[in-house]
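The values are calculated or read from the model by the stated rules, or taken from the named source; none is laboratory data. Predicted model, so just to flag it, every value in this text is computed and none were measured. When we count neighbours, we look across all protein chains shown, and the Cβ atoms used for this are built from the backbone with ideal geometry, even at glycine.
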Amino acid sequence: MIQLKDIQKSFGDTQVLKGISCTFETGKVNFIIGKSGEGKSVLTKCMVGLVEVDQGSIIYDDHDFTAMDRWDRKTVRTNIGMLFQGAALFDSMTVEENIQFPMVMFTKFTKGERDKRTEEILEQVGLQGKNKLFPSELSGGMKKRTGLARAIALNPKYLFVDEPNSGLDPLTSIMIDKLVRQLTDQYNMTTVVISHDMNSVIEIADTIHFISKGEFVWNGDRKSILKSQHPLLNDFVFASQFMREIKDKFK
Amino acid sequence: MPIFSSIGRYSILMGRVFSRPEKFRVYPPLVIREMDKIGLQSVGIVSLLVLFMGAVVAIQTASNIESGWIPRWTIGYTTRQSIILEFSSTVVCLIISGKVGSNIASEIGTMRISDQIDALDIMGINSASYLILPKIIAAVFIIPFLVLLAMFVGVAGGASIAILSGNVSFADFEYGAQYDFRIWDVAYSVIKTFFFAFIMTSVSSYHGYNTQGGALEVGQGSTRAVVYSIVIILVADFLLTQLLLL
């Protein structure tokens with residue numbers, strides 16, 4: 001479980017996060033949705049410690065991440081996996097080396113144990129036999145799956161997924177969504193997904209937090225989002241004709 | 001003042017680079033890889049350039065010795081001193097700065113804009129240390145060997161061209177090249193190289209690490225890395241020469 005308590009962050013005179021509080025439950029896929037420039041990325045960076053908050057607390061289970069020093073944070077960080085928008089695979093490493101990198105850095109696994117774990121993960125993400133390929137030889141969907149494989153290499157408790165479907169075709173997008181769902185259930189992780197993609201939200205979200213101008217202005221689940229009367233949320237969710245038709249049918 | 005801000009950020013980055021690494025045993029392979037990239041892959045270009053530098057110094061010295069009072073072996077002496085004191089260390093390091101500095105800045109800059117550095121940080125890895133420290137250690141270790149090679153090749157180049165062009169006999173050149181030889185001159189040059197190697201790798205890494213934006217900024221960062229490295233190396237050359245030779 002991840003708890004956010006009154007998170008505030010400013011850059012110069014611009015307050016980007018204005019006192020965000022919420023709880024992301026364990027074993028659930030929690031979505032943060034919102035328009036570009038509303039604070040989603042900054043909030044995520046605060047949660048993983050890439051940006052320091054000005055005020056507030058981020059609590060991973062019972063550990064106050066904001067109050068920790070660099071070395072204490074490391075123990076929490078080894079329990080965090082993250083899939084970046086562009087996958088952020090290490091270009092100079094093969095698929096296998098990318099996946100084994102956290103194991104090399106943070107475990108005492110032997111080569112055999114690392115190889116065994118790598119094979120397990122590659123099977124889970126459907127990339128068997130791609131061990132020796134370099135990121136430049138992978139398609140967009142394969143890169144995302146490799147990124148997910150690297151993120152779960154150390155059995156993390158918390159998984160952050162940034163725009164999992166950007167740049168992917170609809171079928172691959174659904175496959176990645178289902179993979180996120182499957183891995184969340186399998187590893188009982190607290191998963192936080194940052195997305196614009198309403199298809200993903202409808203497909204796999206357990207809880208949804210809508211951010212606008214640095215504040216969560218609506219929280220709910222995928223059923224309630226379609227019934228919501230919140231004007232800002234409606235503008236966002238039903239921006240397309242397709243979604244408006246879905247809403248009409250749902251009514 | 002932006003310059004003080006840059007110095008401050010550079011110092012903080014170096015503090016992170018030299019802080020305790022996560023796992024010592026992952027560093028030796030990285031250092032060896034960097035030694036290959038920075039040192040071994042520069043042997044060809046360094047040898048070629050310094051060979052011609054030695055030749056040019058020998059020809060220029062020969063063409064300037066008109067007086068019968070100045071012995072011909074001065075060509076060997078001047079070539080040796082120029083190559084050992086300045087060309088092998090400073091000029092070679094300036095050349096390597098252009099090649100290696102831009103490579104380091106663009107490599108780290110690309111990692112920055114493609115979130116690879118953020119990925120390291122999120123894993124709990126000190127990205128500054130992991131990415132930069134092996135480059136600094138490799139450069140400080142391998143570039144002095146390149147400089148020693150440059151000394152040999154430069155003097156050999158000068159000797160070849162001076163003898164082949166008939167400006168000086170082998171015996172005269174050999175006499176001049178050995179005349180008043182002080183091992184301190186070689187040591188002075190190698191000592192300078194340690195500083196230059198540190199400057200070129202750390203300054204280039206700093207510019208790469210602080211890249212923000214996209215491909216355009218990676219290119220700009222790479223250019224800045226080379227320009228700043230060269231300027232700082234020249235300033236350091238002046239200060240070290242004052243300190244070590246006077």
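Given the residues A:Asn219, A:Asn188, which is the only one that is surrounded by fewer than 17 Cβ atoms within 10 Å (Cβ to Cβ) and within 20 Å of A:Lys247 (Cβ to Cβ)?
Result of the check over A:Asn219, A:Asn188: A:Asn219.
List the number of the failed condition for B:Ile84; all other conditions in (1) more than 22 Å from the chain's Cα centre (by Cα); (2) more than 14 Å from chain A (Cβ to nearest Cβ); (3) part of a helix (DSSP H, G or I) hold.
So the condition that B:Ile84 fails would be (1).
Here's a check for you: in the range A:199-222, which residue that is assigned to a loop (DSSP other than H, G, I, E, B) and of a type outside the set (Lys, Arg) is nearest to A:Lys5 (Cα to Cα)?
Within the range A:199-222, the match that is nearest to A:Lys5 (Cα to Cα) is A:Gly214.
Restricting the search to the range A:76-126, which residues are in contact (Cβ under 8 Å) with a residue 60 or more places away in the chain, assigned to a loop (DSSP other than H, G, I, E, B) and polar (S, T, N, Q)?
Hits for the range A:76-126 are A:Thr78, A:Asn79, A:Gln85.
Determine which member of the set B:Ile161, B:Ile142 is crowded, with 18+ Cβ neighbours inside 10 Å, within 22 Å of B:Ser47 (Cβ to Cβ) and at pLDDT 95 or above.
Every option except B:Ile142 fails the conditions.
For the range B:21-43, give me each residue that is farther than 18 Å from B:Ala197 by Cα and either free of Cβ contacts under 8 Å to residues at least 12 places away in the same chain or among the aliphatic types (A, V, I, L, M) (or both).
Within the range B:21-43, B:Lys23, B:Phe24, B:Arg25, B:Val26, B:Pro28, B:Pro29 qualify.
Testing B:Asn103 on (1) at pLDDT 90 or above; (2) within 24 Å of B:Val235 (Cβ to Cβ); (3) within 25 Å of the chain's Cα centre (by Cα); (4) more than 14 Å from chain A (Cβ to nearest Cβ), one condition comes back false. Which one is that?
That leaves (4) as the condition not met.
Filtering the range B:105-126 down to residues that are over 17 Å from B:Gln212 (Cβ atoms) and touching a residue at least 40 places away in the same chain (Cβ under 8 Å), which residue is surrounded by the most Cβ atoms within 10 Å (Cβ to Cβ)?
B:Ile125
Would you say B:Leu131 is of a type in the set (A, V, I, L, M), in a helix (DSSP H, G or I) and within 12 Å of chain A (Cβ to nearest Cβ)?
yes
Confirm whether B:Glu34 is of a type in the set (Asp, Glu), within 14 Å of chain A (Cβ to nearest Cβ) and assigned to a helix (DSSP H, G or I).
It is true that B:Glu34 is of a type in the set (Asp, Glu), within 14 Å of chain A (Cβ to nearest Cβ) and assigned to a helix (DSSP H, G or I).
Regarding the range B:211-231, can at least one residue be identified that is of a type in the set (Ser, Thr, Tyr) and either free of Cβ contacts under 8 Å to residues at least 24 places away in the same chain or within 21 Å of B:Ile83 (Cβ to Cβ) (or both)?
The answer is no; no qualifying residue exists.
Say we look at the range A:61-114 and pick out the residues that are surrounded by fewer than 20 Cβ atoms within 10 Å (Cβ to Cβ), within 8 Å of chain B (Cβ to nearest Cβ) and hydrophobic (A, V, I, L, M, F, W, C); which of these is farthest from A:Leu50 (Cα to Cα)?
A:Val104
Cβ-Cβ under 8 Å, sequence separation 6+ or interchain: first residue in the range B:74-99 and of a type in the set (Val, Ile, Thr), partner not in a helix (DSSP H, G or I). Which pairs?
B:Thr74/B:Ile65; B:Ile75/B:Ile65; B:Ile75/B:Asn167; B:Ile75/B:Val168
Filter the range A:27-40 down to the residues that are within 14 Å of the chain's Cα centre (by Cα) and loosely packed, with under 15 Cβ neighbours inside 10 Å and list them by number.
A:Gly27
Identify the single condition in (1) touching a residue at least 60 places away in the same chain (Cβ under 8 Å); (2) assigned to a helix (DSSP H, G or I); (3) surrounded by fewer than 19 Cβ atoms within 10 Å (Cβ to Cβ); (4) over 23 Å from the mean Cα position of the chain (by Cα) that B:Asp185 does not satisfy, given that it satisfies every other one.
(4)
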